[in-house]
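The values are calculated or read from the model by the stated rules, or taken from the named source; none is laboratory data. Only a predicted model underlies this, so the values are computations on that prediction, with no experimental measurement involved. Heads up, the Cβs are rebuilt from the backbone with ideal geometry, glycines too, and the neighbour counts pull from every protein chain shown. Quick note on the areas: whole protein, heavy atoms, side chains included, nothing else; ligands and nucleic acids left out. Shrake-Rupley method; radii C 1.70, N 1.55, O 1.52, S 1.80 Å.
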Amino acid sequence: QVQLVESGGGLVQPGGSLRLSCAASGSIFSFSTMAWCRQAPGKQRELVAHITRGGNTNYVDSVKGRFTISRDNAKNTVYLQMDSLKQEGTAVYYCYGQLLDGRAIWGQGTQVTVSS
């Protein structure tokens, strides 16, 4: 069973940066798509960014120009670099992967708090 483990969350001031990591227990080539989603208190989970097996990326409008999703195939890890963080970025961030057979795998989530 492939697992995804997130790390890198924490407390950051508005305007600051954090880099989240999502480490897969197997090869990330097992996934057709990997993504970062977030869920703020009282809100639905939303897709923040995704990256395909071929390296194509897409972002929700609210983070374009500030967040960057990337992958290190050798380390079986996907990253989310978050710059110019805003208070509305406070949420639990989840790593998500869709396996080639269609199954969805979720990580346990990592808390990001943007506050002064």
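Quick look at the numbers
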quantity	calculated
Within the accessible area of region 38-116 (1.4 Å probe), percent carbon and sulfur	44 percent
Unpaired by the 4.7 Å Cβ criterion, cysteines found in the chain	CYS37
Heavy-atom accessible area ranking, 1.4 Å probe, most first, across GLU46, GLU88, GLU6	GLU88, GLU46, GLU6
Those lysines that a straight Cα-Cα span of less than 28 Å connects to LYS75, excepting residues fewer than 8 apart in one chain	LYS64
Segment ASN58-LYS43, length gained on full extension (0.36 nm per residue, minus Cα span)	3.2 nm
Accessible solvent surface per residue of the chain, calculated while the other protein chains remain in place, 1.4 angstrom probe, Å²	51 Å²
Cα Rg, Dmax, region 1-58, angstrom units	13.4, 38
Inter-site label distance for SER32 and SER116 at 7 Å from Cα along Cβ, in nm	4.6 nm
Under the Debye formula (equal points on every Cα, no solvent term), log10 I(q)/I(0) of the chain at q = 0.22 Å⁻¹	-1.23
Cβ-placed point charges (K, R +1; D, E -1), dipole of region 1-75 about Cα centre in debye, nearest 20	60 debye
Cut-off 14 Å between beta-carbons: net charge of the residues surrounding SER21, Lys and Arg +1, Asp and Glu -1	+1
The chain, relative contact order [Cα under 8 Å, separation at least 6], %	37 percent
Cα gyration tensor shape of region 73-116, rounded if a/c is under 1.5, else prolate or oblate by comparing a/b with b/c	prolate
